[in-house]
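Structure first, commentary second.
The values are calculated or read from the model by the stated rules, or taken from the named source; none is laboratory data. What you see is a predicted model; the values in this text were computed from it and never measured. We place every Cβ from the backbone using ideal geometry, glycine too, and count neighbours over all the protein chains shown. For the accessible areas, the whole protein counts, side chains as well, though only heavy atoms, and no ligand, DNA or RNA atoms are used. Shrake-Rupley method; radii C 1.70, N 1.55, O 1.52, S 1.80 Å.
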Amino acid sequence: MKTGKFLSGFFFLLKEFTVRFYKLLLIFWCPSYFFISFFLIFNPALANKAPSSTSVFDWTVAEALLALDPGPVLMGNVSGFHTWTGNSYTDADITSVGSQIFPNMELLSSIGSHRILLAPRQTRMGVMLADIAPFSIIHNFPFANDIDDDLWARFDAFVLEVGALTGRRHKAEKLVANTQVHLRSLQSTLEPQPPLLIIQLMNEQYMRVYGENSLFQGVLKRLGLSNAWTQQTNQWGYSLISIRELFNVEDARLVIIESGNPTGIEHNIENSGMWRYLPSVQRGDFVVLPSSFWIGGVHPSAFRFAEALVEALETPAEP
């Protein structure tokens with residue numbers, strides 16, 4: 001009996017202690033809970049830890065942005081971008097949001113883009129996208145027909161503008177400086193070269209040949225190399241020509257960039273039609289470079305092109 005009374009008293013005290021403990025907990029916890037909730041509501045940066053995303057629908061803008069460690073990027077026609085940059089950005093945090101011209105508005109709204117960067121020719125898209133996020137036009141877009149100043153100066157201004165608009169001005173300045181230093185370093189290793197003829201095949205008969213106003217011309221100048229193509233080019237820096245016109249360019253070393261839509265011809269031109277009669281092919285001093293440089297790219301593509309070109313030019317031709 002005594003044992004039963006003892007246990008009954010013990011459980012009664014335990015119950016009383018438990019009830020009082022929870023009452024005290026509620027007294028102190030509730031104000032803290034509401035304070036924390038209030039704090040998070042009015043501090044969305046803490047309430048939502050997800051990094052902000054940036055939407056782009058131009059690949060030149062996209063490449064500049066990706067070089068600045070921007071966080072998530074929403075992009076139009078991602079598969080095409082990967083094709084024309086040789087899959088150089090497959091590890092980046094990129095989400096496809098439809099095409100470059102007609103993005104998936106519902107998907108854009110559901111993901112919640114925080115800013116939109118547009119090329120000058122995409123100004124009308126800004127009106128369509130304004131309800132989704134604030135948009136900015138990159139005014140220093142480097143590729144245009146009506147600009148006569150130095151292409152590389154435009155590259156620098158363009159990247160710095162992208163950096164300023166995304167809060168990454170310091171990283172943009174670092175990219176500009178590092179690219180300049182790297183190109184100078186590559187230039188110091190090069191032996192003298194004949195004029196280069198930079199082409200990209202469209203099919204067996206026609207090709208793009210790159211000259212003034214092209215990314216590749218900008219790199220050649222900084223490497224101390226000359227371009228054999230001096231004819232007029234379009235805003236992207238190339239002319240569309242037939243193979244017959246290549247025979248008018250004498251004493252040039254052929255540099256062939258693989259096509260983004262592979263034809264495979266560039267790897268067998270020694271045995272292909274008229275190609276085998278070109279002087280550079282007959283000498284065996286032509287080089288083939290991977291398609292890892294967007295022709296409308298800026299510093300990142302210039303960096304990759306310069307490295308690939310110097311390595312190819314310094315590799316002895318096979319006998």
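In the stretch 181-196, the residues that are touching a residue at least 40 places away in the same chain (Cβ under 8 Å) and under 13 Å from GLU311 (Cβ atoms) never reach a residue that is part of a loop (DSSP other than H, G, I, E, B) and of a type in the set (Lys, Arg) with C-beta atoms less than 9 angstrom apart, at least six apart or across chains. With a requirement of 2 or more residues that are touching a helix residue (DSSP H, G or I) at 6+ places or on another chain (Cβ under 6 Å), the strands (runs of 3 or more DSSP E) lying completely within the stretch 156-246 that satisfy it span 196-201.
Checking each residue in the stretch 117-150 for being open to solvent by 70 Å² or more (accessible area, probe 1.4 Å), in a loop (DSSP other than H, G, I, E, B) and in contact with a Pro (Cβ under 9 Å, 6 or more places away or on another chain) picks out only HIS139. Restricting attention to the stretch 169-180, the residues that are open to solvent by 50 Å² or more (accessible area, probe 1.4 Å) and touching a residue at least 60 places away in the same chain (Cβ under 8 Å) add up to 1.
Out of ILE265, ILE256, I need the residue that is under 15 Å from ILE198 (Cα atoms) and touching a residue at least 12 places away in the same chain (Cβ under 8 Å). Which one? Spell out how you get there, then give the answer.
Details: ILE265 fails: under 15 Å from ILE198 (Cα atoms).
Selected residue: ILE256, the only one of ILE265, ILE256 that is under 15 Å from ILE198 (Cα atoms) and touching a residue at least 12 places away in the same chain (Cβ under 8 Å).
GLU191 falls short on exactly one of the conditions (1) surrounded by 14 or more Cβ atoms within 10 Å (Cβ to Cβ); (2) farther than 20 Å from ILE116 by Cβ; (3) charged (D, E, K, R), and that condition is (1). Each residue in the stretch 205-224 was checked for being free of Cβ contacts under 8 Å to residues at least 40 places away in the same chain, under 20 Å from ALA312 (Cα atoms) and open to solvent by less than 30 Å² (accessible area, probe 1.4 Å), and 3 pass.
Answer yes if at least one residue in the stretch 96-116 is of a type in the set (A, V, I, L, M, F, W, C) and open to solvent by 80 Å² or more (accessible area, probe 1.4 Å), and no otherwise.
yes
Tell me whether the stretch 199-214 contains one or more residues that are within 19 Å of GLN282 (Cβ to Cβ) and basic (Lys, Arg). Within the stretch 199-214 (the criterion being within 19 Å of GLN282 (Cβ to Cβ) and basic (Lys, Arg)), the answer is no, since none of the residues qualifies.
Looking across the stretch 265-287, the residues that are within 34 Å of the chain's Cα centre (by Cα) and either open to solvent by 40 Å² or more (accessible area, probe 1.4 Å) or of a type in the set (A, V, I, L, M, F, W, C) (or both) come down to ILE265, HIS267, ASN268, ILE269, TRP275, VAL281, PHE286, VAL287.
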